[in-house]
Every structure is written in C-alpha cells, then in structure tokens.
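S.K.: Before I ask anything, here is the structure I am working with.
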Amino acid sequence: MNQPQITPELVASHGLKPDEYERILKLIGRVPSFTELGIFSAMWNEHCSYKSSRLHLRGLPTRAPWVIQGPGENAGVIDIGDGLAVVFKMESHNHPSYIEPYQGATTGVGGILRDVFTMGARPIACLNALSFGAPEHPKTRHLVGGVVAGIGGYGNSFGVPTVGGQVRFHTRYDGNILVNAMAVGLADTDKIFYAAASGVNMPIVYLGSKTGRDGIHGASMASAEFDDDSAEKRPTVQVGDPFAEKLLLEACLEIMQADCVIAIQDMGAAGLTCSAVEMGAKGDLGVDLDLDAVPTRETGMSAYEMMLSESQERMLMVLKPEKEKQAEAIFRKWGLDFAVVGYTTPSKRFVVKHGGDVMADLPIKELGDEAPLYDRPHVATPLLPVIHAREVKPPLGIPQALEKLIATPELCSKRWVWEQYDHVILGNTVQRPGGDAAVVRVQDGPKGLALTVDVTPRYCEADPYQGGMQAVAEAWRNITAVGGRPLAITDNLNFGNPERPEIMGQFVGCLKGIAEACRALDFPVVSGNVSLYNETNGRGILPTPSIGGVGLLDDFTKSATLAFKAEGEAILLVGETQGWLGQSVYLRDICSREEGAPPPVDLAAEKRNGDVVRGMIRAGTATAVHDVSDGGLLVALAEMAIAGGIGAQLLAGPESIVPHAYWFGEDQARYIVTMPVEQAGLVLAKMKGAGVPCVRIGTTGGDAIAIAGQSAVPVRALAAAFESWFPDYMGGKAF
C-alpha cells in the first residue's frame with residue numbers, strides 16, 4: 001500500500017499541533033511513517049495522554065489502608081475483607097453517543113465492563129450518569145431514546161444489572177451530551193491481574209473478536225471539539241456486541257483461573273496501539289507485533305487501520321509460554337479468536353511489522369512518557385454574590401411550588417429510564433434505582449455494597465471549588481443514607497476546551513474541591529477518566545465532574561431506604577438549615593433566576609452528621625433516611641411520601657427563615673430521618689450532646705403533605721406529577 005506523504009495538513013488532521021510534531025521529529029530523529037504518525041496521534045491525544053490534566057490529577061488523594069490499586073491501571077481496587085476486593089471505574093463515551101447514540105452508549109458500557117474484568121473481577125453492577133440538552137431542543141428526545149436503549153441493550157444482554165445513576169437536562173448539553181458509564185466487579189484479593197508485561201520472549205496474544213475498520217480515530221475524535229459537521233464522524237463510532245463480550249468475560253476469567261496470564265490489557269481507546277504500548281512500557285520491555293497474525297473481519301486492512309481500529313470485545317495478553325496451548329483451547333471452546341501476534345523483547349522498542357515490512361519502530365517508553373505535558377493557563381471563576389432569601393419574591397405559594405417542582409425534568413421520577421434496564425439480574429440487587437444509592441449484596445451476604453453517581457453541574461459552574469467538594473460530599477451522603485460506610489470513589493471529569501483559561505480554571509477549581517473533600521471524608525480516588533473538549537461551535541458544557549462512590553455495609557439486611565414506613569412516626573431533620581437559594585432548582589425553575597453563589601460545603605459538618613446518621617441506621621433506630629439535596633427539604637419529604645404512599649403533617653418553619661427558603665433552600669450536610677415517636681426525644685437529646693443540629697419537623701401520616709398554615713397537597717397528586725413528566729415527554733408531548 002502506498003503511504004501518504006507526511007504534510008503539515010496531514011499532521012494537523014491527526015490532532016497534532018506543529019510544536020508536538022517537532023517534538024516527534026526530535027524524539028525519533030526522522031520523519032515518521034504514516035503508521036507511526038497514527039500511533040503518535042493515538043498515544044498523544046488528550047483522551048489517552050491526559051496532557052492537559054496530568055499535572056493537576058497528581059493532587060488527588062489516592063491512598064488508604066483498604067486501597068489495593070489506585071489510578072494507573074484498568075480500574076481501581078479496594079479491599080472489603082474476607083479475601084474479597086471490589087474493582088471499579090467510570091469512563092465517558094460522550095462524543096460517540098452524540099453522533100450515534102445507540103452504539104455510542106453500548107460501546108461505552110462494553111468498554112467499562114472490560115476495564116473491570118481485565119483485572120480479574122466478575123462484574124456485578126453498572127451505573128451511569130447522563131447529561132442531555134434542553135428538552136425542547138430538536139435532538140434531545142432522539143438522543144435520550146438512543147442512549148437509554150443502548151445502555152439497556154448492552155447491559156441487559158451481557159447479564160449485569162444497571163442499578164443506579166443520574167439523568168439531567170440543560171441547554172448547555174444541546175450540542176454535546178455526556179454519557180458516563182461505571183462498572184463494579186468482585187475479585188479475590190490475591191487474584192488481581194495487572195497490565196505490566198514481564199519476561200523476555202513471552203507470547204503476546206490477541207483474544208476476542210476480529211478487528212475491523214470501525215472506530216478508527218475514535219480516541220482522537222473524543223479529544224476534539226464538535227462543529228456543525230459532527231454527523232460526518234459517524235464512522236469513528238465503534239459497534240458493540242454484548243454477546244461476544246459475555247463470551248470474552250467467561251473465557252478471560254477461565255484462563256485467569258488456570259494461571260495462564262502474566263499481564264492483560266483490554267483494547268479500548270486507540271485499540272491495539274495503546275494496549276500493546278502500555279503493556280510493554282509498564283514492564284520496561286519492548287514489543288514486537290506481527291500484524292499478519294491479527295484476525296481481521298475485513299480484507300485489505302492496512303497497518304495504520306489495524307493499529308488504530310477500536311473494534312470492540314478485544315483483549316491483549318502476555319501468556320505464560322507453557323500455558324499457551326491450554327489458553328488457546330479455552331478460547332476456542334468459547335468460540336473466540338486466539339492468535340499469537342507478537343513477543344516481548346528486551347529492546348524497549350515498539351516494532352510493528354506487516355507484510356514482511358517494518359511499519360513502525362519507535363521507543364516504547366517515550367511513546368507514553370514523552371507525551372506533551374501542559375501547564376495550561378487558567379483563571380479562577382469569579383465568585384458570584386450571595387442570594388439573600390428575603391430579596392427573592394416567591395411567585396407561587398409553597399404547595400403550588402412543590403407541585404410544579406416535583407414535575408420538572410430535574411426532579412421528576414426517572415423510572416422511564418431505569419425500567420428499561422435489567423436491574424435485578426444476578427439476583428443480588430437489594431435496593432433498586434430511585435433511592436439515594438443502590439445496594440447490591442456481596443455473594444451470599446451478609447455484606448453489601450452501596451453504589452452511587454453524583455454531581456451538581458450548576459454548582460460547579462458557579463463556584464468550581466465548592467461544586468467539586470459538593471459532588472464528593474453528595475456521593476458520601478447518598479452512601480451514608482442507605483447505611484454504607486463510604487470507602488472510595490472513581491471520577492469522570494467532563495469539561496470544555498482546556499485551551500481556554502476560564503475552562504481550565506473550572507477544571508483546576510473542581511479538582512481542588514474534590515481533593516479536599518476526599519481527604520476530609522477519607523474517601524480516596526482509585527480510578528477515573530478525564531473528558532475534555534466537550535464543546536460545539538465554541539459553546540462548552542457545564543463543568544460536570546461525575547463522582548462514582550462505593551461504600552460497604554456489614555449487613556445488607558440493615559440498609560435504610562427513603563420510603564416512609566408507617567404512620568405516626570417522628571420526622572427529624574439532621575443538619576443546619578439557613579435557607580440557601582443561590583443556584584437552587586427553586587430559584588431557577590420557579591423564579592426563573594439561574595444565579596448566585598451555590599451553598600457552601602462544610603466538610604466537618606458533613607462527616608459529623610453523616611457518621612451520626614449511619615450510627616442510627618446501624619442501631620436500627622432510623623426507619624427511613626433520605627439526604628436533602630436538589631429541591632431542598634420539601635422535595636425530599638415529598639419523595640419519601642411518594643415512595644411510601646404515606647403523607648406527613650409538618651410544622652411551620654422557623655420565623656428566622658422566610659418560608660420558601662426554608663422549604664426549598666439547598667443547604668448541605670442534611671438528612672431527613674424517621675423513627676418511632678417514643679425514641680425521638682432521646683435521639684434529640686443525644687444529638688444536642690454531640691453538637692449535631694437536629695430538630696423535629698413533623699409526623700408521618702395521612703394521605704397528603706400538609707404544612708401548618710398551608711393548604712395540603714395529596715400524595716397521590718404529587719406521585720402522578722412526579723411520574724408523568726418523563727413518559728409524557730418521550731411519548732412526544734411538547735414542552
């Protein structure tokens with residue numbers, strides 16, 4: 001095949017800037033071949049090299065006594081005792097999902113599942129965080145339908161429950177939706193598998209599905225802004241096959257069990273290039289690849305195409321030579337391709353051959369280590385003024401505002417979404433979607449895992465530092481609210497163009513907030529993903545650092561739920577209420593004012609209040625628990641009433657706080673807890689002694705939410721409003 005001439009235009013089309021190309025020339029001492037240019041473009045793009053973010057990611061806390069593996073591997077690993085480990089990670093498939101929503105979402109799920117079982121873990125749960133444009137945008141309904149169908153289509157077919165997540169709408173995602181997928185798996189602590197190759201002349205084996213032309217330049221496309229021609233990038237979107245992935249899972253776990261594997265890496269972003277380079281570089285070894293041995297499903301594929309293909313359901317392994325035949329027999333049994341495509345070498349060179357010719361010969365360590373590292377200029381986001389509640393005139397009464405809020409896209413039930421996912425397959429789902437956090441039983445119990453994904457992008461835009469802290473604190477609260485002890489997080493940092501100082505400032509600010517919250521809450525970061533250039537025609541998304549949290553319950557049968565359990569129980573509010581309206585859903589959706597500083601986060605209060613609530617759950621004192629977040633206190637109470645089918649008789653708020661701010665303010669570090677009336681006095685006394693703000697705000701009972709001095713709102717009417725928005729919207733109703 002004739003290789004194209006390397007021109008400035010060709011270099012630019014590969015996403016490499018002139019100074020980066022000069023760096024390549026200096027590194028290898030010659031003009032690269034076309035295949036080598038493709039390899040550099042894959043390894044040095046933002047998606048694979050983290051060239052704009054590496055500098056700042058170093059500030060995240062990543063260690064704790066229970067952390068087995070932090071960032072730098074396919075997924076993070078934590079110890080949960082009894083010889084078991086939890087393996088988990090979250091990644092984005094944003095750009096592909098906007099271009100081709102079904103396949104973009106399916107391959108996002110498939111990719112994150114591979115990251116988990118590559119480590120030797122069997123996946124037990126998936127979650128996701130989805131951000132769509134304004135409901136009235138002409139593309140939004142189509143994108144929602146495609147993405148949800150794709151997530152369900154892959155997860156359901158593969159056989160792993162999708163147990164939780166987030167769905168939001170905002171006009172800033174009109175041209176660039178976010179699809180963040182998280183997977184969680186279980187492994188034995190002494191059987192974790194890593195990517196670093198070891199030993200010279202060890203066989204490098206290609207496993208799984210055949211290589212095609214789908215997904216070529218997928219990683220580079222994910223590192224670029226969109227424009228009006230984004231639909232033309234459809235060929236860069238990969239195509240997934242969940243049934244092939246299920247076979248790959250079983251075959252991989254079987255050869256791991258048979259002790260055949262030295263190192264393993266899934267072929268994700270940049271496919272064969274990234275997986276081979278990472279395995280060799282991490283082991284201080286060279287890699288020789290013979291592409292003539294690579295199984296292909298299309299004829300006439302070039303070395304360039306094979307190295308950059310992102311065809312799905314593929315793995316690369318370094319096998320113990322004496323186990324090669326046994327491993328091949330296992331893969332053939334599962335109907336999957338198995339081919340020795342190369343060997344490890346002592347040269348520390350990455351050599352790629354095709355048709356008897358050397359198509360690439362590059363220094364393997366420098367491919368990763370010498371990738372550009374930028375300390376990009378950044379400016380702090382200007383602080384916004386505090387919104388004083390008395391200056392906000394309520395356009396609606398409290399009951400009317402509640403009825404409207406509970407039916408908004410932000411706060412309505414997302415049942416339409418999660419009912420399309422199989423959330424009970426495998427039989428271990430204890431708490432399904434719709435609560436504060438999912439709870440999944442660990443094997444036969446008694447332990448359980450609490451799982452959640454959280455972020456409030458409007459807070460992050462208004463004040464990145466506070467928004468970053470709040471995202472972590474919210475995940476910590478949601479795990480706490482079901483009775484879990486928060487252990488670690490994975491993150492998915494979604495931002496706009498880092499070459500714009502104000503966007504880079506958002507990234508730096510959010511990361512500082514995340515780091516501080518993780519340190520204060522003993523909640524380390526063990527894995528993650530950075531997704532930048534989420535812009536279309538220069539308009540960036542809201543900064544969206546999704547936080548995936550994992551917590552442990554010693555006894556899953558003692559997990560708490562948010563539903564009111566019985567009439568006549570005391571309702572307590574834990575945490576301090578000031579009536580903070582800045583950046584609240586009430587201010588935006590009722591008062592049409594998207595402005596002001598977000599609520600401040602007091603990490604000491606978060607820890608103190610959460611520890612106390614978790615203690616009540618463990619002791620069996622609390623009958624229902626719900627954290628207070630979007631929409632404030634009254635929305636949280638309404639969600640509890642709807643879930644339990646029981647109303648509440650509520651006291652009027654304190655005179656020191658204007659009513660609409662008391663009921664709809666979004667002050668942090670708060671929980672609603674119910675308990676038998678006879679226990680409330682003792683609990684209040686204990687709280688006072690512990691310095692934890694706590695007041696009784698009412699009693700469960702009746703068929704309505706009734707605030708003293710206000711008209712009552714029937715729970716049935718609230719439930720109808722809560723449940724109707726999503727199916728009405730997806731059914732074609734105009735908004």
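S.K.: Please figure out what share of the DSSP beta bridges in the chain is antiparallel and state it in percent, rounded to the nearest 5.
M.R.: Numbers: 95 of 118 bridges.
In the chain, approximately 80 percent of DSSP beta bridges are antiparallel ones.
S.K.: Divide the volume of the convex hull of the Cα atoms of the range 613-660 by its number of residues and quote the answer in cubic angstrom per residue.
M.R.: On the way: hull volume 5.5 nm³, N = 48.
Per-residue hull volume (Cα only) is 114 Å³.
S.K.: Tell me which DSSP H helices of the chain clear both cut-offs, 15 Å or more of axial length from alpha-carbon atoms and a mean Kyte-Doolittle hydropathy of at least 1.6.
M.R.: 632-644
S.K.: Taking the full set of protein chains and a 1.4 angstrom probe, give the accessible area of Ser41 in square angstrom, rounded to the nearest 10.
M.R.: So the heavy atoms of Ser41 present about 0 Å² to solvent.
S.K.: What list of whole percents do you get for P(r) of the range 538-618, with Cα-Cα distances grouped in 5 Å bins up to the one holding the largest distance?
M.R.: So the P(r) values, bin by bin, are 3, 9, 11, 17, 18, 18, 13, 7, 3, 1, 0, 0.
S.K.: About the Cα centre of the chain, what is the dipole size in debye to 20, counting +1 per Lys and Arg Cβ and -1 per Asp and Glu Cβ, all else neutral?
M.R.: Its charge dipole is roughly 1040 debye.
S.K.: With labels modelled as points extended 7 Å from the Cα through the Cβ direction, what inter-label distance (nm, one decimal) is found for Thr171 paired with Gln326?
M.R.: That separation, rounded to one decimal, is 6.3 nm.
S.K.: Taking only the alpha-carbon atoms of the range 54-163, what semi-axes of the equivalent ellipsoid follow from 5 times the gyration tensor eigenvalues under a square root, in whole Å, largest first?
M.R.: Details: eigenvalues 179, 64, 24 Å².
Equivalent ellipsoid semi-axes, largest first: 30, 18, 11 Å.
S.K.: To continue, here is another question. List the residues whose amide H sits under 5 Å from the amide H of Ala622, counting only those 5 or more places along or on another chain, with H placed 1.01 Å from N in the peptide plane.
M.R.: Result for Ala622 returns Ile617.
S.K.: Out of the total accessible area of the chain (probe 1.4 Å, heavy atoms of protein only), what percent is carbon and sulfur? Mind dumping the intermediate values first?
M.R.: Numbers: 13140 of 25200 Å².
Here carbon and sulfur together make up 52 percent of the probe-accessible area.
S.K.: Okay, next question. Separation between the Arg716 and Gln257 pseudo-spin-labels, each 7 Å from Cα along Cα→Cβ, expressed in nm?
M.R.: Each label point lies 7 Å from its Cα, and together they span 5.4 nm.
S.K.: Hey, another quick one. Could you estimate the translational diffusion coefficient of the range 278-379 from the Stokes-Einstein equation, with Rh from the Kirkwood formula over C-alpha pairs, at 10 °C and 1.306 mPa s, in whole µm²/s? Don't jump to the answer; show the numbers that get you there.
M.R.: Values: Rh = 15.7 Å.
Using the Kirkwood radius from Cα pairs, D works out to 101 µm²/s.
S.K.: Give the share of C-alpha pairs in each 5 angstrom bin for the range 426-533, from 0 to the last occupied bin, in whole percents, shortest bins first.
M.R.: Histogramming the range 426-533 at 5 Å steps yields 3, 12, 20, 21, 17, 12, 8, 5, 2, 1, 0 percent.
S.K.: Positive end of the charge dipole of the chain (Lys, Arg +1 and Asp, Glu -1 on Cβ, about the Cα centre): tell me which of Leu289, Ile425, Phe338 has its Cα farthest that way.
M.R.: Checked the options; the winner is Ile425.
S.K.: Follow-up question, since we're still on this one. With each label point set 7 Å from Cα along the Cα-Cβ vector, what nm distance links Asp19 and Arg297?
M.R.: 4.2
S.K.: May I have the extent of the alpha carbons of the range 1-94 along their three principal axes, as whole Å values ordered from largest to smallest?
M.R.: The principal-axis extents, from largest down, are 59, 31, 29 Å.
S.K.: Checking the a/c ratio against 1.5 first, then a/b against b/c, what shape does the Cα gyration tensor give for the range 681-735? Before the final figure, lay out each step's value.
M.R.: Values: a/c = 4.07, a/b = 2.32, b/c = 1.75.
It comes out prolate by the Cα gyration axes.
S.K.: For a test of the definition: using alpha carbon positions, the gyration tensor, and the 1.5 limit on a/c, classify the range 526-660 as rounded, prolate or oblate.
M.R.: It is oblate, given that a/c is not under 1.5 and a/b is not larger than b/c.
S.K.: Taking +1 at the Cβ of each Lys and Arg and -1 at the Cβ of each Asp and Glu, which of Gly59, Met119, His93 sits farthest along the dipole of the range 37-143 towards its positive end, judged by Cα position relative to the Cα centre?
M.R.: Of the candidates, Gly59 comes out farthest on the positive side.
S.K.: Let me ask something additional. Work out the FRET efficiency for Glu136 and Lys333 from their Cβ-Cβ distance, taking R0 = 51 Å, and round it to the nearest 0.05.
M.R.: E(calc), rounded to 0.05, equals 0.45.
S.K.: Give the residues of the range 602-637 whose amide nitrogen is closer than 17 Å to a point set 7 Å from the Cα of Leu684 in the direction of its Cβ.
M.R.: Under cut-off, by backbone N: 622.
S.K.: Can I ask one more? At 0.692 mPa s and 37 °C, plugging the Kirkwood radius over alpha-carbon pairs of the chain into Stokes-Einstein gives what diffusion coefficient in µm²/s?
M.R.: 125
S.K.: Please name which of Gly665, Ile707, Val695 has its Cα lying farthest along the dipole of the range 665-708 towards the positive end, using unit charges on Cβ (Lys, Arg +1; Asp, Glu -1) and the Cα centre as origin.
M.R.: Positive-most Cα among the choices belongs to Val695.
The values are calculated or read from the model by the stated rules, or taken from the named source; none is laboratory data. Keep in mind that what you see is a predicted model, and the values were worked out from it rather than measured. Don't worry about glycine lacking a Cβ; one is built from the backbone with ideal geometry, like all the others, and counts go over all protein chains shown. SASA here: full protein model, heavy atoms, side chains in, ligands and nucleic acids out. Shrake-Rupley method; radii C 1.70, N 1.55, O 1.52, S 1.80 Å.
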